[in-house]
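First comes the structure, then the notes that go with it.
The values are calculated or read from the model by the stated rules, or taken from the named source; none is laboratory data. As the structure is a computational prediction, the values presented were derived from the model and not from experiment. Reconstructed Cβ throughout: ideal geometry from the backbone, glycine too, with neighbour counts over all protein chains shown.
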Amino acid sequence: MKIVKYAAAGSLAAAALLPTGAALAAWEINMPVGVTELSRDIHGLHMMIFWICVLIAIAVFGMMIYSIVKFRHSQGAVPATFDHSTKAEIVWTIIPVAILVGMAIPAAATLVKIEDTRDSTLTIKVTGYQWKWHYDYLDQKVSFFSTLSRDSDAARQTGSGIDPNSVENYLLSVDKPLVVPVGAKVRVLLTSNDVIHAWWVPAFGMKKDAIPGFVNELWFRADEPGTYRGQCAELCGRDHAFMPVVVEVKPQAEYDSWLAEQQGGAAPAAAQAQTVENAAPATAAAAE
Amino acid sequence: MAHAHDAHAAHDHHDDHGPAKGIGRWLFATNHKDIGTLYMLFSLLMFFVGGTMALVIRAELFQPGMQLVDPMFFNQMTTMHALIMIFGAVMPAFVGLANWMIPLQVGAPDMALPRMNNFSFWILPFAFTMLIGTLFVPGGAPAGGWTMYPPLSQQTGEAFPMLIFAVHLMGASSIMGAINVIVTIMNMRAPGMSLLKMPIFVWTWLITAYLLIAVMPVLAGAVTMLLTDHYFGTTFFEAAGGGDPVMFQHIFWFFGHPEVYIMILPAFGIVSEIIPTFSRKPLFGYDAMVYATASIAFLSFIVWAHHMFTVGMPLAGQMFFMLATMLIAVPTGVKVFNWTATMFKGSISFEPPMLFAISFLFLFTIGGFSGLMLAIVPADFQYHDTYFVVAHFHYVLVPGAVFSLMAAAYYWLPKWTGHMYNMKLAKAHFWLSTIFVNVLFFPQHFLGLAGMPRRIPDYSTQFADWNMISSIGAFGFGLSQLLFVYVIVACIRGGEKASDKVWDSGRPHGLEWTLSSPPPYHSFETAPEVK
């Protein structure tokens, strides 16, 4: 009964939300465009390959469907006897190679851009833990843990009886989000304190593994203020689904006052002390 | 022992004798047909065990929120589902087909190494008893994914050594099976059957067998290192001791990527047998098919890191693996084009094997397209570890490998049993499977693109709708497979007598169709001549 009710409510909600393109992307079928240059480039690549695949599919499936419809035994089709054609085979080897080269060139150009982490204005070290993220603003002496928000955590317990639809941003909200200034090139250093995690914000177009003993890099520059949500993307144990990534992109002035608050308040100092203790093994491992 | 003696006596005196009586026929089986049957029935059983686990997964994912299972148990289900489907369902099914069909297709009396054949099968029930037994030990079954990435897999409880030894046993079984295939094909072909006259299924299996021999020991090495890291103080993969967790991924995927082709090359062979039969036209570009298969096999060894683009590789490494991966599209494309060209200007009829082969053609190609998209590294940074990947590999494995197996079963079942099966039910099974497999897996593309990670037991409400559709498809697909079992069982028990050629298409070509249906217990005791 509950399920039926839910299904009805869900489809109604979906119908209501679709035209407005609301945050609740029900029935969403494509990759979001994102708010960084990289994510837009990646989205462009994605759409390009998709349409190339569609064109190839139309040609190949069209040929298959034509053959299936036209050459039916039940319609008295008489089979031909040819069994090869060197010319055709050369053609359909060379054309795909050309298409692939055409795909590879823009992909390589984007890849080079992705790997260029120079000239960043802010460096944040992100450490994965089972099952939360730790953010460390290396030059600003600010660091804190970011864990699943309490209302999501209560609702996600097996048999909690709480309807996930009643929780705002269910499983995608945290107690303390990462805060970065808009328009700044942020370099993220990734590592882990236990198992492998992956830090991913779809709107930034980037995902990278956080691996114990390694420091990985990625960068993003968000063009619009807002709250962007993602998740851990590498299986990391029981609560893998419950360690979201939330990034608040603020105008520079708001970011500055947020930072001053973090640096000045008493609470962050205590948090920091705890942090340093916890992060020590990861730092040691990363140092190798 | 008695049976071995019998077989020996039969060999000396050339008197025809039937199978042994009772359970001994199966326990001490050395006949390739009996062992083939055992393999395939075992794989059917595992298909349902793994499928049940998939339904647990899809039931939990039907709605957001945790309703049915603990997240840990969910992870156990995803891990076990993969291990059982790969090593228990798909691989043994192909080995079973190899056992049944390779001797019949090359005109050999049996597999070259019948006792090893028995051994390689009977290892499997023990391996899977141990693997499935992990569900009942403290700490539960392995839950770190079938890829067993450390350090997570090192957190497995009592199940850990059982998992490792089960993998070792499966590997040993596969290697023995592969050796048997190679030795049979290389030494026991009928006079006149040169390599380039072999049926294409035999060719694909020959190449698959080499892949197996090349990579199963690599997997064995990788899991052995996990074991010594766990119990003997080594630190191959532990950063704290100077090891490297990423090295495991490189070793694992050096096995893992060829493994993917181990599961699809014989499927190519099956489809290449079926399409010409029901198009009443020879296979287009036989030589090109063989070379394409060999190229795919070669390329499979140099693309492994595309499974791990997000681990942080040097730019040059990412470029190389992107280009090498894209290159695979070329020989794969040649195959798809050749199948299409085989149907072109043919005279096509739509018996159940052909229906499944056509469905394979369309849906495997869709899986190929998403594979091409995944090869593009920047785009992969978005796709990686999302449901888009889940959709991709299920498209190549379910309507790919599994549909080819169903096609093979419907193609050769009358040959094996001597009975025709119920065509109406088989066609119903086809339509239900094809419709539900798309309801099940197509929405997973959307989920992945919209940002849903894989291997999660619960998700944000924005993913609710497509997950519900996908789960409905899963239950539809799962239940439809009961029809498959019914058709097979009914066909074994009786039915209209099948002719030697079975299919009235003028083709099929191949030595197996020169035998009676069912073939005698010992076939081709005198080798046939191949012109």
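Tabulated data
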| item | result |
| --- | --- |
| Residue in segment A:27-43 that is farther than 24 Å from B:His445 by Cβ, out of contact with any His (no Cβ under 7 Å at 6 or more places or on another chain), of a type in the set (Phe, Trp, Tyr) and within 9 Å of chain B (Cβ to nearest Cβ) present | no |
| Within segment A:76-87, tally of residues that are at the interface with another protein chain (Cβ under 7 Å from one of its Cβ atoms) and closer than 28 Å to B:Leu327 by Cβ | 2 |
| Residue in segment B:363-381 that is surrounded by fewer than 21 Cβ atoms within 10 Å (Cβ to Cβ), of a type in the set (D, E, K, R) and either under 15 Å from B:Ser279 (Cα atoms) or in contact (Cβ under 8 Å) with a residue 24 or more places away in the chain (or both) present | no |
| Lone qualifier among A:Ser160, A:Ser143, A:Ser120, A:Ser85 - being among the small types (Gly, Ala, Ser), in contact with a helix residue (DSSP H, G or I) (Cβ under 8 Å, 6 or more places away or on another chain) and closer than 30 Å to A:Leu190 by Cα | A:Ser143 |
| Qualifying positions in segment B:19-36 - within 16 Å of the chain's Cα centre (by Cα) and surrounded by fewer than 19 Cβ atoms within 10 Å (Cβ to Cβ) | none |
| Failed item in (1) out of contact with any Phe, Trp or Tyr (no Cβ under 7 Å at 6 or more places or on another chain); (2) free of Cβ contacts under 8 Å to residues at least 60 places away in the same chain, with B:Arg280 passing the rest | (2) |
| Output for segment B:439-491, where each listed residue is modelled with pLDDT of 95 or more and of a type in the set (Val, Ile, Thr) | B:Val439, B:Ile456, B:Ile469, B:Ile472, B:Val485, B:Val487, B:Ile488, B:Val489 |
| So A:Ile90, is it within 21 Å of A:Leu45 (Cβ to Cβ) and either more than 7 Å from chain B (Cβ to nearest Cβ) or modelled with pLDDT under 95 (or both) | no |
| Those residues of segment A:98-148 which are among the aromatic types (Phe, Trp, Tyr) and modelled with pLDDT under 95, in sequence order | A:Trp131 |
| So A:Thr121, is it more than 11 Å from every other protein chain (Cβ to nearest Cβ), more than 30 Å from A:Phe242 (Cβ to Cβ) and under 35 Å from the mean Cα position of the chain (by Cα) | yes |
| Residue in segment B:411-419 that is at positive phi and either among the hydrophobic types (A, V, I, L, M, F, W, C) or out of contact with any Asp or Glu (no Cβ under 8 Å at 6 or more places or on another chain) (or both) present | yes |
| Any hit, segment B:260-277, residues being facing another protein chain (nearest Cβ under 10 Å) and under 24 Å from B:Asn99 (Cα atoms) | yes |
| Given (1) assigned to a helix (DSSP H, G or I); (2) farther than 24 Å from B:Phe364 by Cβ, index of the condition A:Ile56 fails | (2) |
| Contacts under 6 angstrom Cβ, first residue in segment B:481-499 being crowded, with 17+ Cβ neighbours inside 10 Å, partner polar (S, T, N, Q) and part of a helix (DSSP H, G or I), 6 or more apart | B:Cys491/B:Thr417 |
| Qualifying residue in segment B:153-160 (condition: under 21 Å from the mean Cα position of the chain (by Cα) and at pLDDT 95 or above) | no |
| Helices (runs of 4 or more DSSP H) lying entirely in segment B:187-298 (those with 2 or more residues that are small (Gly, Ala, Ser) and at pLDDT 95 or above) | B:200-231, B:265-279 |
| Residue in segment B:493-510 that is within 14 Å of another protein chain (Cβ to nearest Cβ) and β-branched (Val, Ile, Thr) present | no |
| Among residues of segment A:54-75, those that are surrounded by fewer than 11 Cβ atoms within 10 Å (Cβ to Cβ) and at the interface with another protein chain (Cβ under 8 Å from one of its Cβ atoms), counted | 1 |
| Residue count for segment B:54-73, restricted to those that are among the hydrophobic types (A, V, I, L, M, F, W, C) and touching a helix residue (DSSP H, G or I) at 6+ places or on another chain (Cβ under 6 Å) | 8 |
| Every residue from segment B:483-504 that is more than 12 Å from B:Met423 (Cα to Cα), touching a strand residue (DSSP E or B) at 6+ places or on another chain (Cβ under 9 Å) and aliphatic (A, V, I, L, M) | B:Ile492, B:Ala498 |
| Positions within segment B:165-187 being hydrophobic (A, V, I, L, M, F, W, C) and either in contact with a strand residue (DSSP E or B) (Cβ under 6 Å, 6 or more places away or on another chain) or crowded, with 23+ Cβ neighbours inside 10 Å (or both), in sequence order | B:Ala166, B:Val167, B:Met170, B:Ala178, B:Val181, B:Ile185 |
| Segment B:238-263: number of residues that are under 31 Å from the mean Cα position of the chain (by Cα) and either in contact (Cβ under 8 Å) with a residue 60 or more places away in the chain or farther than 19 Å from B:Gln155 by Cα (or both) | 18 |
| Qualifying residues in segment B:329-362 (those that are within 7 Å of another protein chain (Cβ to nearest Cβ) and in contact with a strand residue (DSSP E or B) (Cβ under 8 Å, 6 or more places away or on another chain)) - the one surrounded by the most Cβ atoms within 10 Å (Cβ to Cβ) | B:Ile348 |
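Rundown of residues vs (1) out of contact with any Phe, Trp or Tyr (no Cβ under 6 Å at 6 or more places or on another chain); (2) on the phi > 0 side of the Ramachandran plot; (3) in contact (Cβ under 8 Å) with a residue 12 or more places away in the chain; (4) of a type in the set (A, V, I, L, M), yes/no style:
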{"site": "B:Leu83", "(1), (2), (3), (4)": "no, no, yes, yes"}
{"site": "B:Gly88", "(1), (2), (3), (4)": "no, no, yes, no"}
{"site": "B:Gly96", "(1), (2), (3), (4)": "no, no, yes, no"}
{"site": "B:Val106", "(1), (2), (3), (4)": "yes, no, yes, yes"}
{"site": "B:Leu113", "(1), (2), (3), (4)": "yes, no, yes, yes"}
{"site": "B:Asn118", "(1), (2), (3), (4)": "yes, no, yes, no"}
{"site": "B:Ala127", "(1), (2), (3), (4)": "yes, no, yes, yes"}
{"site": "B:Met130", "(1), (2), (3), (4)": "yes, no, yes, yes"}
{"site": "B:Gly133", "(1), (2), (3), (4)": "yes, no, yes, no"}
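So that you can scan it fast, the table gives a plain yes or no per residue for (1) free of Cβ contacts under 8 Å to residues at least 12 places away in the same chain; (2) closer than 25 Å to B:Ala379 by Cα:
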position	(1), (2)
A:Ile90	yes, no
A:Pro96	yes, yes
A:Val101	yes, yes
A:Leu111	yes, yes
A:Leu138	no, no
A:Ser149	no, no
A:Gln157	yes, no
A:Ser160	yes, no
A:Ser166	yes, no
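Results for (1) more than 13 Å from every other protein chain (Cβ to nearest Cβ); (2) surrounded by 20 or more Cβ atoms within 10 Å (Cβ to Cβ); (3) touching a Lys or Arg at 6+ places or on another chain (Cβ under 8 Å); (4) not aliphatic (A, V, I, L, M), shown as yes or no for each residue.
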| site | (1), (2), (3), (4) |
| --- | --- |
| A:Trp133 | yes, yes, no, yes |
| A:Ser166 | no, no, no, yes |
| A:Asn169 | no, no, yes, yes |
| A:Lys185 | yes, no, yes, yes |
